[in-house]
Amino acid sequence: MKKIIIIFILCIPLHLFAADDFYPFETPVEQNRFAALTSQLRCLVCQNQNLAESNAALAVDLRQQIYQHIQQGQSDKQIIDYLVERYGNFILYRPPFVAATWGLWLGPLVFLLVGIVCLLFYIRKTATSTRSNNFEDKV
């Protein structure tokens, strides 16, 4: 009997328990805009999910705000500008290249260059010590 109950529970699709929001749009274009905007904006609570994937309360609120802005006829740029003004560049998955985000954009390149320089010094030091050890062995 327990096996039957376990099999029954495992057969229930888990997405039935997900908290989905349903927004009625007048045109498929508006629905596609909503999907694109919510997928390119970061959830401020989860930080590793976009607004479309997140079930956090703030993400639900932000999706509602985006829906309302679309219904008011605002462009994607106006909606994104509003959210950036309110929450900062962190809400964007691709923040702009400005002085405040230089470390974000250039940091990986700097770490890569430092790593290459350290590797070259290590190789040079190892090669020099190997040569000196070989010279001492011959003498």
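The values are calculated or read from the model by the stated rules, or taken from the named source; none is laboratory data. Bear in mind that the values here come from a model prediction, so they are computed numbers and not experimental data. Ideal geometry is used to build each Cβ from the backbone, glycine not excepted, and the neighbour counts take in all protein chains shown.
The residues in the stretch 62-92 that are outside any helix (DSSP H, G or I) and either out of contact with any strand residue (DSSP E or B) (no Cβ under 9 Å at 6 or more places or on another chain) or outside the structural domain of residue 28 (by TED's automatic domain parsing) (or both) can be counted, and the count is 5.
Mind telling me which of the residues 122, 93 ends up being aromatic (Phe, Trp, Tyr), exposed (fewer than 12 other Cβ atoms within 10 Å of the Cβ) and modelled with pLDDT of 85 or more? Steps first, answer last, please.
Values: 93 fails: modelled with pLDDT of 85 or more.
None of the others qualify; the one that does is 122.
Condition first: free of Cβ contacts under 8 Å to residues at least 60 places away in the same chain, touching a Ser or Thr at 6+ places or on another chain (Cβ under 9 Å) and at negative phi. Can you find one or more residues in the stretch 109-129 that meet it? Please lay out each step first, then the result.
Residues of the stretch 109-129 free of Cβ contacts under 8 Å to residues at least 60 places away in the same chain: 109-129.
If we keep only those that are touching a Ser or Thr at 6+ places or on another chain (Cβ under 9 Å) as well, we get none.
Checking the stretch 109-129: not a single residue is free of Cβ contacts under 8 Å to residues at least 60 places away in the same chain, touching a Ser or Thr at 6+ places or on another chain (Cβ under 9 Å) and at negative phi.
If we scan the stretch 92-111, do we find a residue that is of a type in the set (Phe, Trp, Tyr), more than 20 Å from residue 23 (Cβ to Cβ) and in contact with a Lys or Arg (Cβ under 7 Å, 6 or more places away or on another chain)? Yes, the conditions are met somewhere in the stretch 92-111.
If you check 35, 59 for being at pLDDT 85 or above, part of a helix (DSSP H, G or I) and touching an Asp or Glu at 6+ places or on another chain (Cβ under 9 Å), only one passes: 59. Looking at the stretch 61-84, can you tell me whether even one residue there is surrounded by 12 or more Cβ atoms within 10 Å (Cβ to Cβ), touching a residue at least 12 places away in the same chain (Cβ under 8 Å) and among the aromatic types (Phe, Trp, Tyr)? Checking the stretch 61-84: at least one residue is surrounded by 12 or more Cβ atoms within 10 Å (Cβ to Cβ), touching a residue at least 12 places away in the same chain (Cβ under 8 Å) and among the aromatic types (Phe, Trp, Tyr).
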